[in-house]
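K.L.:
Next up is a structure, given as structure tokens.
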Amino acid sequence: MPELRFRFAKRGRAAYLSHLDVMRTFQRAFIRAGIRIRHSEGFNPHPKMSIALPLQLGCESVCELLDASVIDGPEDMVAALNLVLPEGIEVLAVGEPHRPVREIAWTEWSLRFPDVPSAQEAERVFSLPELSVEKKTKRGLATLDIAPHIRLLSREGEELRMLLRADSPTINAGDLKKALTGRLTEEMPMRCLRLRLMTENKESFQ
Amino acid sequence: MQMHPAMEAILPKVQKPARYTGGEFGEILKNKEETEVRFALCFPDTYEIGMSNLGLRILYGVLNKMPGVWCERVFEPWRDMTEAMRAAGVPLCALESGDPLGDFDLIGFSVGYEMSFVGILDMLSLAGIPLRSRDRTELRPIVFAGGSCMYNPEPIADFIDLAVIGEGEEVDAELTELYRKAKREGWTKQRFLRAAAGIEGVYVPSLYDVSYFPDGRIEKMTPRDGAPERVRKRIIQDLDGASFPVHTIIPSTEIVHDRTMLELFRGCIRGCRFCQAGYVYRPVRAKKADTLIRQGIESLKYAGYEEISLTSLSTSDYKELGALCDGLLDWCEPRSVSLSLPSLRADNFSLDLMQRVQKVRRSGLTFAPEAGTQRLRDVINKNVTEEDLLNACRTAFSGGWSSVKLYFMLGLPTETDEDVLGIADLAYKVYQVWRVSTPNRSRGVRITVSTSCFIPKPMTPFQWFPQDSREELIRKQKMLKEAMRSKAISYSWHEPDVSYVEAALAVGDRRLGKVLEHLYELAGGLQAWEEYFDYEAWLQAFRDSGLDPDFYVRRSRSEEEFLPWDVIDDGVTKAHLIREKHLSEEGQVSPDCRKQCLGCGANRLLKGGKCDA
Ligand code: SF4
């Protein structure tokens, strides 16, 4: 069987699982579901699988992608996996990947605030012409203006919709939080849900 | 699950938040409305430690099988979480429902390490529950404790309403049923406790009056209101028939023992005189290999783990070990599941077995000679000779192993400098054995020696002995360090400060309640962790409570003295312990239970009264 791409959601309590936790969880769920994954050669063999664009701790998503080198498994892998996954992780679809993960250029997000005024304030901040944040890079801490790499799509009530650059530079929800810190009158919780992955021309990437 | 609303803001900011959310595969959720008794199974240490505890998983399974009972888990949060919760006014909650600990009927702590006593206070305090038993006047909650530390429950007597002595599977269920009745009929807490004291294996500290001699020793402990003179521990008679958690919780986040665990037997046929586990878990009761193979395979299938570990006090003493390993490996090998065998003894080590077992993944070897000379090994009744150890190492090295760990204890009764230096000698001999027996010298060898400090433990023949002074232990550690003769040998040791406090807690009485409460105010929970262990605070807590830790740690107790745990009966008679103590003083060894029954008394716990060692 060729490489397969599993699309899954990570919601609720599962939002607090780290990238490694999710990898470990799938590794075991595959075994429980009777799906065999090819292993790497060598002294310490590990299953060949990877998850695109690791999500930050505390964020939810309905568009996670896991590519795995599957040897064989049951007919309905989605159902088999969903029976054995922990609460909050749900496989939505499986199929052959049509394009490589590196073509993901944008991610679409829903950001929820406790009330409309805070959402309006956040909207104001994200519309500023310049938004520098401290960001960890390979060369240490650097200041980056993220304004050119984010797009505010809409605000409806307490929810903002945004596009974030997925690649060079990768902008994540943590950067948005940092951008808000100090620019808002007070710190406020923001629920982050990743909705969609997109290519450079804003087509859905699956 | 209804998480406290403030948790959303807290969780992203603390280390490893997945420890606090629950929701793992295998977690049991029930309908609150249909639940009559809510049971909080608490572990006074972190999630990673607690979830690695097989006993906890067994109880979780047993209790959740009871209709109308919902058993949930609660662990001690790491300090950053505790602080964040306090700041946000979030009480300690159970992982399954997210409900505050204060909403539960029964709050049961599983305590396997004395240093985690303070964790009980940390958790109660974080839940807003009064710490002392006498300050909790209602039927709800009943706070109790079980686990291996409850062979001397006295140090925490002020905080718990009762203690469960021995194996908890049956007692916890009986206690829960009694509570159900009490709740239905609207009993008072007092009435419930008096009735609970009638269950075999239940100790209710408040039903015992303690009187002291002017010098601080206990004069006697007198039961009231029909409580038994001594509380006898409970054991499971038939382990094959006992409930085993095949379908258990598989954490998504990493824990310490992240693998399937199989318990081969309870008890130990050996009688190492310092070893509490070797005495209090008597008599030996083994599971059949067939049962274990079935449960092991089912557990692995359910869990999706790639490792299974055989746990017991001394794995290589299991009679059917060969058949068991064959049966498991037949299933494991084709699936690349590895089998690990901890706690091997050097005197019955089989290379053949190790090689089969380690085909999938090879781990290091560990032996515990415990003492450096034959004389001292005889004193402690560790029936392993230098030849046994060197032979086992020779076999392993020629079979391709290149690392071995050796565990010893410093400060054992009668120890001399010669015994201490004997450890360095033995390690060097192991090194020499490696040089002549390894097929590949260029790969080098790693010999790791580690020493812990002797701690007198209740219910052992060494319970009467003092611990070496801190200065003496440090001197011995330094001497040993300087005596190590090869770069291939590395030496690490336990801090005597921790062992000193641990000893005081192990053999302490109920006056330590003051110390624990004060220590908690001074230094907080997580005292089992280097990061938070605060020796100075402990000393101060003792001082401020008007107690001298040396009274507990550094004093030889006489055989006639009434000991705080004399109200507890683990099945082994005091006469037997005294006999073993005298033999140790003469440097005489005793045979193991398989060779010859020594009449320790534990057989009386078995229906039929005969041990099958
Ligand atoms: S009664 Fe005999 S065989 Fe049984 S545990 Fe005691 S010494 Fe061992």
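The values are calculated or read from the model by the stated rules, or taken from the named source; none is laboratory data. Worth saying up front: this structure is predicted, and the values here are computed from it rather than measured. Using ideal geometry, Cβ is built from the backbone for each residue, glycine included, and neighbour counts are taken over all protein chains shown. Ligands, DNA and RNA are excluded from the accessible area calculation, which covers all protein heavy atoms including side chains. Shrake-Rupley method; radii C 1.70, N 1.55, O 1.52, S 1.80 Å.
K.L.:
Would you mind calculating the relative contact order of chain B from Cα pairs under 8 angstrom and at least 6 residues apart, reporting the percent as a whole number?
P.N.:
Details: 1149 pairs, mean separation 86.2, N = 613.
After rounding, I find 14 percent.
K.L.:
Can I ask one more? With only Lys, Arg, Asp and Glu charged, each at its Cβ (+1 for the first two, -1 for the last two), find how big the charge dipole of the protein assembly as shown is about the Cα centre; round to the nearest 20 debye. Spell out each step's value before the answer.
P.N.:
Values: 109 positive and 119 negative charges, 328 e Å.
In debye, rounded to 20, the protein assembly as shown gives about 1580.
K.L.:
So, one more: Between the alpha-carbon centers of region B:459-506 and region A:118-148, tell me the distance in whole angstrom.
P.N.:
55
K.L.:
A further question follows. Ranked from highest to lowest mean number of other Cβ atoms within 10 Å per residue, what is the order of the peptides B:520-526, B:212-218?
P.N.:
B:520-526, B:212-218
K.L.:
Then there is this: Could you give the length gained on full extension between B:LYS288 and B:ASN440, defined as 0.36 nm per residue of separation minus the Cα-Cα distance, in nm?
P.N.:
50.7 nm
K.L.:
Return the FRET efficiency for the residue pair B:LYS574, A:HIS46: r is the Cβ-Cβ distance, R0 is 56 Å, and the value is rounded to the nearest 0.05.
P.N.:
After rounding, the FRET efficiency stands at 0.55.
K.L.:
Restricting to DSSP H runs of at least four residues, report the calculated mean residue ellipticity at 222 nm for chain B, -39500 (n - 2.57) per run over all residues, nearest 500 deg cm²/dmol.
P.N.:
Rounded to the nearest 500, it is -10000 deg cm²/dmol.
K.L.:
Additional query: Taking the Cβ-Cβ separation of B:SER558 and B:LYS220 as r and a Förster radius of 22 Å, what is the calculated FRET efficiency to the nearest 0.05?
P.N.:
Efficiency for this residue pair is about 0.90.
K.L.:
Another question, then. With no solvent and one point on each alpha carbon, what is the Debye value of log10 I(q)/I(0) for region B:386-511 at q = 0.10, 0.17, 0.18, 0.20 Å⁻¹?
P.N.:
One equal scatterer on each Cα of region B:386-511 leads to -0.38, -0.87, -0.93, -1.05.
K.L.:
Give the residue from B:TRP529, B:THR82, B:CYS93 lying farthest towards the positive end of the charge dipole for chain B; charges sit on Cβ (+1 for Lys and Arg, -1 for Asp and Glu) and the dipole is referred to the Cα centre.
P.N.:
Farthest towards the positive pole: B:TRP529.
K.L.:
Let me ask you something else. Calculate the dipole size of region B:17-232 relative to its Cα centre from +1 charges on Lys and Arg beta carbons and -1 charges on Asp and Glu beta carbons; express the result in debye to the nearest 20.
P.N.:
It comes to approximately 480 debye.
K.L.:
Output wanted: per-residue J couplings in Hz (rounded whole) for region A:127-135, from phi through Karplus 6.51 cos²θ - 1.76 cosθ + 1.60, θ = phi - 60°, x for Gly and Pro.
P.N.:
For region A:127-135, the Karplus curve yields 9, 4, x, 9, 9, 8, 10, 7, 9 Hz.
K.L.:
Counting only heavy atoms of the protein chains, get the accessible area per residue of region A:103-198 (1.4 Å probe) and round it to a whole Å² value.
P.N.:
With the other protein chains kept in place, region A:103-198 gives 52 Å² per residue.
K.L.:
Find which of B:LEU512, B:GLY609, B:ALA196 sits farthest along the positive direction of the dipole of chain B, computed with +1 on the beta-carbon of Lys and Arg, -1 on that of Asp and Glu, about the Cα centre.
P.N.:
The listed residue farthest towards the positive side: B:GLY609.
K.L.:
Now for a different question. Please work out the average accessible area per residue across region B:137-193, using the 1.4 Å probe convention, and give it in Å².
P.N.:
31
K.L.:
Also: Determine the alpha carbon to alpha carbon distance for each of B:LYS65/B:LYS514; B:LYS32/B:LYS233; A:LYS177/B:LYS32; B:LYS457/B:LYS481; B:LYS65/B:LYS233 and list only those over 31 Å.
P.N.:
Values: B:LYS65/B:LYS514 38 Å; B:LYS32/B:LYS233 33 Å; A:LYS177/B:LYS32 37 Å; B:LYS457/B:LYS481 27 Å; B:LYS65/B:LYS233 23 Å.
Among B:LYS65/B:LYS514; B:LYS32/B:LYS233; A:LYS177/B:LYS32; B:LYS457/B:LYS481; B:LYS65/B:LYS233, the Cα-Cα distance tops 31 Å for B:LYS65/B:LYS514; B:LYS32/B:LYS233; A:LYS177/B:LYS32.
K.L.:
Count the net charge of all other residues whose Cβ sits under 13 Å from the Cβ of B:PHE75, scoring Lys and Arg as +1 and Asp and Glu as -1.
P.N.:
-4
K.L.:
While we're on this one: In nanometres, what is the gap between the two model label sites at A:VAL62 and B:GLU521, each 7 Å from Cα along Cα-to-Cβ?
P.N.:
5.4
K.L.:
Moving on. State the Cα centre-to-centre distance between region B:245-259 and region A:171-198 in whole Å.
P.N.:
That distance is 33 Å.
K.L.:
Suppose only helical runs count, i.e. DSSP H with n ≥ 4. What mean residue ellipticity at 222 nm does that imply for chain A under -39500 (n - 2.57) per run, divided by all residues and rounded to the nearest 500 deg cm²/dmol?
P.N.:
Value at 222 nm, helices only: -6000 deg cm²/dmol.
K.L.:
Counting only other chains, what is the mean number of Cβ atoms within 10 angstrom of the Cβ of each residue in peptide B:457-470?
P.N.:
Mean shielding by partner chains, rounded to a whole number: 0.
K.L.:
Provide the per-residue ³J(HN,Hα) series for region B:608-613, in order, calculated from phi with Karplus coefficients 6.51, -1.76, 1.60 and θ = phi - 60°, each as a whole number of Hz, with x at glycine and proline positions.
P.N.:
After applying 6.51 cos²θ - 1.76 cosθ + 1.60, I find x, x, 10, 7, 10, 7 Hz.
K.L.:
Report the relative contact order of chain A, percent, no decimals, based on alpha-carbon pairs under 8 angstrom and at least 6 residues apart.
P.N.:
Reported relative contact order: 25 percent.
K.L.:
When the Karplus curve 6.51 cos²θ - 1.76 cosθ + 1.60 is applied with θ = phi - 60°, which whole-Hz ³J(HN,Hα) does each residue of region B:440-448 get, with x for Gly and Pro?
P.N.:
8, 5, 5, 6, x, 9, 10, 10, 10
K.L.:
Among all helices in chain B defined by DSSP H, which have a length of 27 Å or more along the axis from Cα atoms plus a Kyte-Doolittle mean of at least -1.0?
P.N.:
Taking the DSSP H segments of chain B (at least 27 Å long, mean hydropathy at least -1.0), we get B:417-437.
K.L.:
Okay, next question. Mind checking the dipole of region B:166-322: about its Cα centre, +1 per Lys or Arg Cβ, -1 per Asp or Glu Cβ, Debye to the nearest 20?
P.N.:
In total the dipole reaches around 560 debye.
K.L.:
Can you tell me how region A:103-198 classifies by the Cα gyration tensor, rounded, prolate or oblate, using a/c under 1.5 as the rounded cut?
P.N.:
oblate
K.L.:
Next question. Let me know the mean shielding of A:53-61 by other chains, meaning the per-residue number of their Cβ atoms within 10 Å of its Cβ. Working shown, then result.
P.N.:
Working: counts 0, 0, 0, 1, 7, 6, 1, 0, 0.
Other-chain Cβ atoms within 10 Å of each residue's Cβ, averaged: 2.
K.L.:
At 7 Å along Cα-to-Cβ for each site, give me the label-to-label distance between A:ARG38 and B:ASP209 in nm.
P.N.:
According to this spin-label approximation, the distance is 7.9 nm.
K.L.:
Can you give me the long-range amide H partners of B:SER403? Hydrogens built in the peptide plane at 1.01 Å from N, cutoff under 5 Å, separation of 5 or more residues or another chain.
P.N.:
Those lying under 5 Å, H to H, from B:SER403 are B:LEU365, B:ARG446.
K.L.:
Using Cα pairs under 8 angstrom and six or more residues apart, how large is the relative contact order of region A:103-198, in percent? Show your work: numbers first, answer last.
P.N.:
Working: 176 pairs, mean separation 43.2, N = 96.
Taking the mean separation of contacting Cα pairs over the length of region A:103-198, I get 45 percent.
K.L.:
Under 5 Å between amide H atoms, partner at least 5 residues away or on a different chain: which partners does B:VAL231 have, H built in plane at 1.01 Å?
P.N.:
Sorted by chain and number, the residues that satisfy this are B:ILE568, B:ASP569.
K.L.:
How many percent of the accessible area of the protein assembly as shown is carbon or sulfur, using a 1.4 Å probe?
P.N.:
50
K.L.:
In degrees from 0 to 90, rounded to the nearest 10, what is the angle of the helix A:116-126 Cα long axis to the longest principal axis of chain A?
P.N.:
So the helix axis and the longest Cα principal axis differ by about 90 degrees.
K.L.:
Sticking with this structure for a sec: If one takes the accessible area of chain A alone plus chain B alone and subtracts that of the pair, with a 1.4 Å probe, what total in Å², rounded to the nearest 100, results?
P.N.:
2000
K.L.:
Compute the distance in nm between two label points, each set 7 Å from the Cα along the Cα-to-Cβ direction, one at B:SER243 and one at B:SER450.
P.N.:
It is 3.4 nm.
K.L.:
Once the Cβ-Cβ distance between A:ASP76 and B:TYR532 is put in as r, and R0 is 51 Å, what FRET efficiency do you end up with, to the nearest 0.05?
P.N.:
With a Förster radius of 51 Å, E is 0.55.
K.L.:
Once Lys and Arg get +1 and Asp and Glu get -1 on their Cβ, which of B:ALA286, B:SER299, B:VAL246 lies farthest toward the positive end of the dipole of region B:245-301?
P.N.:
Checking the options against the dipole of region B:245-301, the answer is B:ALA286.
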